[in-house]
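Take a look at the structure below.
Each value in this text was obtained by applying a stated rule to the coordinates, not by laboratory testing. Computed from a predicted model, the values in this text were never measured in an experiment. Every residue, glycine among them, receives a Cβ derived from its backbone with ideal geometry; neighbour counts consider all protein chains shown.
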Amino acid sequence: MTHSVYFASTILHLYAAAVIAAERTGEQAHLVFIDQPEGRDFPLYSLVQDWPQSPFASVRLFYGRFQGLVNKLQKRKQLFAKLEGLITTLRPANLFVGNDRRIEFQYSMHIADTLGCEPIGHYMDEGTFTYIGRKASSGFGDKVLDNLAKKLSYGFWWKNPPTVGGSDWIQYVHAAFPEQIHPLLRNKRIVPLSASGFSAPPLLALSSRLMEQHGFDPQQLRPLDVLFTLPHESLFEKDPEYKQRIMAVIQQMIRDGKQVAAKYHPRNSGPDVLYLQSEGVTLLPAGISFEAMLPHLPNQCEIWGDVSSTLLIAKWLRPEIKAFSLIDGKSDQRLITLFKSLDVTIFSFSSHKQ
C-alpha cells in the first residue's frame, strides 16, 4: 500500500487535501494538522476525526506554536521525534503541504529521503502567493540570514524556497488557476486542482458539520444579495478612511434594498467592530470558514472583499458568482492584474468601478 501524508495548517489546506486524497485512489491518505498553538482548543481536529466520509485513514495533530524559548526548544525536539516516528512507520511516497517553508514538511521530506523512500513533494495552492509570489522570500533577510540560521539550527536539509511552493523539495504544484501561477513555480509539474471535488457529497457534509458546530443553519444564506468578507480590524486602525469608505458602500446597498451580510475576521477583538448590525447588516459567525459557506451561497449573491485570497477562492469554486475587490491606491498591482484576469470587478474608492 502506498502511503501519502498531507500537512494542513488552514482549512483551505484541509479542503484541498481532502479533494486530492479522494482523487488519488489506490493510496492511503494520512492527515496531519500542524502550526497550531499549544494548549489551545482546535475543534477542527475532533470534527475531522468524526467525519464519516473522510478520505483520510488517520488524522493527527502536532502542535507547532509554543510559548517561551526553553519550552519552544524542548517541544520542537519532541515534534521532530513525532515526525520521525510517523515517517518511519508509514514510509510515505508522497508528502503534501500548503507552505513548503513549514519545518514539519521539510523535516519529514528529509527523513523520508534518508530512509530511501524517494519521497515526492507536492505543493497545494494556498492562495495569493501561488500567483504573485512571496516578496519576502527573495529579500536578504529570508534568502541569506533566515536561510543560514535554519540550516545551522535544524540541519543542512533545510531548503529555502524562492517563493512559497518553490523549494527543491517540491516536484508537483496543485493549482486552482494553472495558467496564472508565478514564474518561479512553472518549472514544477503542474496539476489542476479540481473545483468539482469541493461540491462532492463528502465535502458538502464537512461544510455542513462546520456550520452546525457554530449553531448556524446554511439556509440562512439563501436570501443574501451581498456578502462582505472583511479583513482584520488592524487594517481599519491603520487606515480609518478605509472603514469610512467601506461603510459608505454598505449603506448605499442597504438603501437600495439589498440583503447584505458580513463575515468578520475570526481574530478580531469583538464580534462587531464596525457596528454593522445597527446598519441592518446580517452578521455571519466569524469562526466559520468562508470555504464552508461558499457552496451554500445563492447564485445571485455578490461577494465583496479586499485583496485577500477569499476572492480567488470564490472565483475558483463558484465562477458564476460576481466578485468585487475593494482597493486603494496602495494595492499590489500584480494582484489587481490577476483579479481582472479572473473576472473580479475592481472597485476603486477614488474613481468607483473601473
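The figures follow:
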{"item": "D (Stokes-Einstein, µm²/s), Kirkwood Cα radius, the chain, 1.002 mPa s at 20 °C", "result": "99 µm²/s"}
{"item": "Solution diffusion estimate, µm²/s, Stokes-Einstein, segment 112-222, Kirkwood Rh from C-alpha pairs, 10 °C, viscosity 1.306 mPa s", "result": "95 µm²/s"}
{"item": "Cα point-scatterer Debye curve for segment 216-353, base-10 log of I(q)/I(0) at q = 0.17, 0.20 Å⁻¹", "result": "-0.94, -1.37"}
{"item": "Shape metrics for segment 1-151, restricted to C-alpha atoms - Rg then Dmax, Å", "result": "15.7, 47"}
{"item": "Extension reserve of the Glu241-Gln49 stretch, reckoned as 0.36 nm per residue once the Cα distance is removed", "result": "64.7 nm"}
{"item": "Cβ-defined net charge surrounding Ile181, 14 Å radius [Lys, Arg +1; Asp, Glu -1]", "result": "+2"}
{"item": "Simple spin-label estimate for Gln333 and Arg40 in nanometres, 7 Å along Cα-Cβ", "result": "3.7 nm"}
{"item": "Cleavage-rule hits (trypsin sites (Lys or Arg not before Pro)) in segment 1-74: DSSP loop, at most 13 neighbouring Cβ within 10 angstrom", "result": "Arg40"}
{"item": "Coil-residue chymotrypsin sites (Phe, Trp or Tyr not before Pro) of segment 102-211, DSSP, other Cβ within 10 Å capped at 13", "result": "Phe156"}
{"item": "Net length gained if the chain between Leu152 and Arg222 were fully extended (0.36 nm per residue, minus Cα distance)", "result": "19.8 nm"}
{"item": "Choice from Thr89, Thr337, Thr229 with maximal GNM fluctuation in the chain (Cα, 10 Å cutoff)", "result": "Thr89"}
{"item": "The chain, helix-only ellipticity at 222 nm - DSSP H runs n ≥ 4, -39,500 (n - 2.57), divided by all residues, nearest 500", "result": "-10000 deg cm²/dmol"}
{"item": "Euclidean distance of C-alpha centroids, segment 2-18 and segment 272-303, integer Å", "result": "26 Å"}
{"item": "Protection-proxy order for peptides 90-101, 233-244, 174-185, each taking the mean of Cβ atoms within 10 Å per residue, highest first", "result": "90-101, 174-185, 233-244"}
{"item": "Long-range HN-HN contacts of Ile120 with modeled amide H, under 5 Å", "result": "Asn94, Leu95"}
{"item": "Relative contact order computed over segment 137-226 (Cα-Cα under 8 Å; 6+ residues apart), in percent", "result": "17 percent"}
